[in-house]
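Here is the structure we will look at, set down as C-alpha cells.
The values are calculated or read from the model by the stated rules, or taken from the named source; none is laboratory data. It should be emphasised that the depicted structure is a prediction, and the values quoted were computed from it without experimental measurement. Please note: Cβ atoms are built from the backbone with ideal geometry, for glycine as well, and neighbour counts cover all protein chains shown.
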Amino acid sequence: MSRIGKQPIIVPEKVKVRVENKTVFIEGPLGKLNYCLPDGIGAAVAGGKLTVAVEAGAEGKSALFGTSRARINNMVTGVTREFEKVLEISGVGFKGAVEGSKITMQLGFSHPVILDIPQGIKMSFDPKQVVLTIKGIDKEAVGNIAAQIKRIKKPEPYKGTGIKYQGEHIIRKAGKTAAGASAGAGGGAAAKK
C-alpha cells in the first residue's frame with residue numbers, strides 16, 4: 001500500500017471538488033480540471049479533505065493508488081497557482097519568439113522550428129529571446145510540452161549548445177585538442193625516462 005496514497009488532500013477554500021462516477025472534477029480560480037480514476041480506485045470528499053482509497057475486492061488493482069492521489073493533488077495545486085518550467089536556449093544565433101498560438105525557434109537548422117502552443121498553456125520569451133517560460137494549470141501538460149521542446153535540440157556535450165532546463169547541469173567533454181594535448185604531454189615524459 002502506498003504511503004503517499006493514504007495521505008488526505010486538503011482542499012483550499014477557493015477550490016471546489018466533487019466526485020461523480022469515478023471522475024474527480026476540480027474547479028478553482030485559475031480554471032477547471034478533471035481526472036478519471038483507474039479501476040479499483042475510489043475517492044471521497046468530506047470535511048474539506050479528499051481521500052483516495054483502494055476499493056474493496058480490488059487488491060490487485062492498487063498499483064495506481066499513490067499515482068492517482070498525486071495527480072489529483074497536483075490538479076488541486078494547479079487551479080490555485082500555475083506550474084512553471086523554464087528552458088534556456090544557448091548557441092550562436094539560437095533564439096525564439098511567440099507569435100499568436102505558435103512558437104518559432106531558430107536552432108541552427110536550415111529552417112525555423114514552428115510548434116503549436118497547446119490550449120491552456122502560456123509561453124513567453126525574455127527580451128533576449130533565449131529564455132522560454134512555460135506556464136499552465138496542468139502539471140503533466142506543462143512537463144510534456146517542455147520535454148517535447150527540449151527534444152528538438154538536446155544540449156551537446158562539447159560546447160553545451162542546445163535547449164536545457166534552467167539550472168540543469170550539462171556534463172561537458174574535453175574536445176580533441178584538449179584530450180590530445182594531455183595525452184601528448186604524458187607520452188613525452190615517458191619517452192624521456
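Only one of the listed residues (ILE41, ILE72) is more than 29 Å from MET123 (Cα to Cα), surrounded by 13 or more Cβ atoms within 10 Å (Cβ to Cβ) and of a type outside the set (S, T, N, Q). That residue is ILE41. Regarding ASN144, is this residue of a type outside the set (A, V, I, L, M), under 19 Å from the mean Cα position of the chain (by Cα) and assigned by TED's automatic domain parsing to the domain that holds VAL52? No, not satisfied. Where residues in segment 154-186 are surrounded by 13 or more Cβ atoms within 10 Å (Cβ to Cβ) and at positive phi, which of them is modelled with the lowest pLDDT? Applying the filter and picking the extreme gives GLY160. Taken over segment 78-113, the residue count meeting the criterion of being farther than 26 Å from PRO157 by Cα and free of Cβ contacts under 8 Å to residues at least 12 places away in the same chain is 2.
Right, GLU88: within 25 Å of CYS36 (Cβ to Cβ), acidic (Asp, Glu) and out of contact with any Asp or Glu (no Cβ under 6 Å at 6 or more places or on another chain) or not? So GLU88 fails the test. Selection over segment 40-66 of residues that are of a type outside the set (S, T, N, Q) and in contact with a strand residue (DSSP E or B) (Cβ under 8 Å, 6 or more places away or on another chain) gives a count of 17.
Scanning segment 29-48 for residues being without any contact (Cβ under 8 Å) to a residue 60 or more places away in the chain and outside any loop (DSSP other than H, G, I, E, B) gives a total of 10. Inspect segment 119-127 for any residue being at pLDDT 90 or above and over 20 Å from the mean Cα position of the chain (by Cα) and give the result as yes or no. Scanning segment 119-127 turns up at least one residue that is at pLDDT 90 or above and over 20 Å from the mean Cα position of the chain (by Cα). Could you list all residues from segment 49-77 that are in a strand (DSSP E or B) and either among the aliphatic types (A, V, I, L, M) or free of Cβ contacts under 8 Å to residues at least 24 places away in the same chain (or both)? The answer is LEU50, VAL52, ALA53, VAL54.
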